[in-house]
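J.: Dropping the structure in here first, questions after.
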Amino acid sequence: MNLRDLRYIIKVADLKHFGRAAVACHVSQPTLSGQILKLEEELGVAVFERVGKSLTTTAAGEAILAHARRCVAAADDLVAAARASRDPMIGPLRLGIIPTLAPYLTPLLLPPAREAMPSTPLALVEDLTTRLTELVAQGELDAALIASQPEDDALAAVELFEEPFFLVMPRGHRLAQAEIVDAADIDPDELLLLSDGHCLRDQALELCQNPRRGDGEMADMRAASLPTLLHLAAAGYGLTLIPALALAEETRLPGDLIVRRLKGPHTSRMIRLVFRPTHPRQPAIEALARLVRAHIPSRLPTSAGPFAAEKARGQEDASLLKT
């Protein structure tokens with residue numbers, strides 16, 4: 001048994017395919033399959049069950065894989081510790097970011113990061129919270145930017161900044177009359193949500209103090225991205241939330257949408273940096289946290305700005321005068 005074989009079974013379990021795992025491990029499929037067969041013979045149990053073209057992990061294999069992931073992560077930490085002893089700021093920092101944050105944070109973060117940390121390039125991975133925290137725990141990522149408290153107690157988390165939510169709606173909606181909307185006045189059945197797995201979905205339901213959608217016509221209406229939610233709202237399908245950084249990056253909204261500030265509990269989210277507390281490159285992770293705190297909070301909008309109804313009407317009037 002060796003680390004190489006453990007990496008083989010981990011990759012097969014992740015990709016659920018021997019051929020793709022072999023390509024990812026840069027070996028031939030017969031070599032990978034042969035090594036895994038030898039490992040299974042040594043352990044005396046099957047890690048994988050092969051039925052035709054399908055591949056599943058056995059119950060014993062699940063337990064073995066959990067140990068294998070910890071072993072590989074510890075070995076990677078050993079190598080990283082040796083490198084960090086020379087200089088923890090040298091080498092790429094593998095950073096995960098959730099999809100509702102990545103497109104809006106990275107343009108603000110990457111330029112100052114290149115200047116302040118020239119020897120520590122950020123290697124970015126965009127994925128859902130659960131997957132990112134798994135990758136951090138397994139040692140495949142050094143840290144991740146998420147918007148919820150990590151469920152894994154083995155991970156450390158530092159709070160970076162609080163990001164408010166804004167409510168987006170058609171101009172003629174009943175809530176548009178208020179300059180600031182009370183979250184308690186939002187009908188959960190009108191709220192357009194991201195698909196399962198996005199933390200913003202859970203936060204939207206929490207904001208409405210409703211653990212799930214009702215049984216209305218839009219209960220199954222879900223999207224995979226914020227721009228899709230905005231277009232659905234513009235088409236009259238309901239209301240949606242937009243985080244402050246996303247609002248700051250928007251130059252225009254689709255259709256005849258307006259934006260309102262929110263008040264009440266759960267009308268913001270805390271952005272956190274999560275990492276393994278034993279990570280040998282703590283100085284680089286701490287430097288990244290300081291960089292985010294220094295450059296991002298000042299870019300958060302505190303008002304709806306040009307997307308407030310009154311200003312939007314003024315812009316429309318001005319454009320008519322020009323024509």
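The values are calculated or read from the model by the stated rules, or taken from the named source; none is laboratory data. Since the model is a prediction, treat every value here as computed from it, not as a measurement. A quick note on method: Cβ atoms are made from the backbone with ideal geometry, for glycine too, and the neighbour counts reach across all protein chains shown. Each accessible area value is taken on the protein alone, full model and side chains, heavy atoms only, with ligands, DNA and RNA left out. Shrake-Rupley method; radii C 1.70, N 1.55, O 1.52, S 1.80 Å.
J.: Based on the Cβ-Cβ distance from residue 224 to residue 256, what FRET efficiency comes out when R0 is 30 Å, to the nearest 0.05?
T.: Details: r = 24 Å, r/R0 = 0.80.
So the FRET efficiency works out to roughly 0.80.
J.: Accessible surface of residue 132 in the full protein assembly, 1.4 angstrom probe, to the nearest 10 Å²?
T.: Accessible area of residue 132: about 0 Å².
J.: Counting only DSSP beta bridges with both residues in the chain, what percent are antiparallel, rounded to the nearest 5? The partial results should precede the final answer.
T.: Values: 25 of 39 bridges.
The antiparallel fraction comes to roughly 65 percent.
J.: Place a label point 7 angstrom from the Cα of residue 154 along the Cα-to-Cβ direction, then list the residues of segment 169-208 whose backbone nitrogen is under 17 Å away.
T.: none
J.: With a Förster radius of 25 Å, plug the Cβ-Cβ distance of residue 263 and residue 295 into 1/(1 + (r/R0)^6) and report the FRET value to the nearest 0.05.
T.: With R0 = 25 Å, the Cβ-Cβ based efficiency is 0.35.
J.: Shifting gears a bit: Number of Lys pairs in the chain with C-alpha atoms less than 28 angstrom apart, excluding same-chain neighbours closer than eight positions?
T.: 7
J.: On the accessible surface of segment 217-281, probed at 1.4 Å, how many percent belong to carbon and sulfur atoms?
T.: The value for segment 217-281 is 48 percent carbon and sulfur by accessible area.
J.: Further, regarding this structure: Work out which trypsin sites (Lys or Arg not before Pro) in the chain are exposed loop sites (DSSP not H, G, I, E or B, at most 16 other Cβ within 10 Å) and give the longest gap free of them. Numbers along the way, then the final one.
T.: Numbers: sites that count: 16, 53, 171, 212, 252.
Between the exposed loop sites, the longest stretch runs 54-170.
J.: Could you compute how fast segment 94-150 diffuses translationally, taking Rh as the Kirkwood radius over C-alpha pairs and applying Stokes-Einstein at 37 °C with viscosity 0.692 mPa s? Give it in µm² per second. Mind showing how you got there, number by number?
T.: On the way: Rh = 11.7 Å.
Reported coefficient: 281 µm²/s.
J.: Within 10 Å, at most 15 other Cβ atoms, and a DSSP state outside H, G, I, E, B define an exposed site. Report the longest part of the chain free of exposed GluC sites (Glu not before Pro).
T.: 1-150
J.: Here's another thing I want to ask about it. With a probe of 1.4 Å, find how much accessible area segment 93-141 has per residue, and write the answer as a whole number in Å².
T.: I get 40 Å² per residue for segment 93-141.
J.: Could you tell me the calculated FRET efficiency between residue 42 and residue 130, based on Cβ-Cβ distance and R0 = 41 angstrom, to the nearest 0.05?
T.: E between residue 42 and residue 130, to the nearest 0.05, is 0.80.
J.: In whole percent, and with a 1.4 Å probe on the protein chains, what portion of the accessible area of segment 76-206 is carbon and sulfur?
T.: Ligands and nucleic acids excluded, carbon and sulfur give 51 percent.
J.: Determine the gain in length on full extension of the stretch residue 28-residue 171; use 0.36 nm per residue of separation and subtract their C-alpha separation, reporting nm with one decimal.
T.: Details: separation 143, 0.36 × 143 = 51.48 nm, distance 5.95 nm.
Extra length from residue 28 to residue 171 when fully extended: 45.5 nm.
J.: For semi-axes √(5λ) of the Cα gyration tensor in Å, pick the label among [x] 37, 19, 17; [y] 38, 24, 18; [z] 44, 25, 17 that corresponds to the value derived from the coordinates.
T.: Checking each listed value against the structure points to [z].
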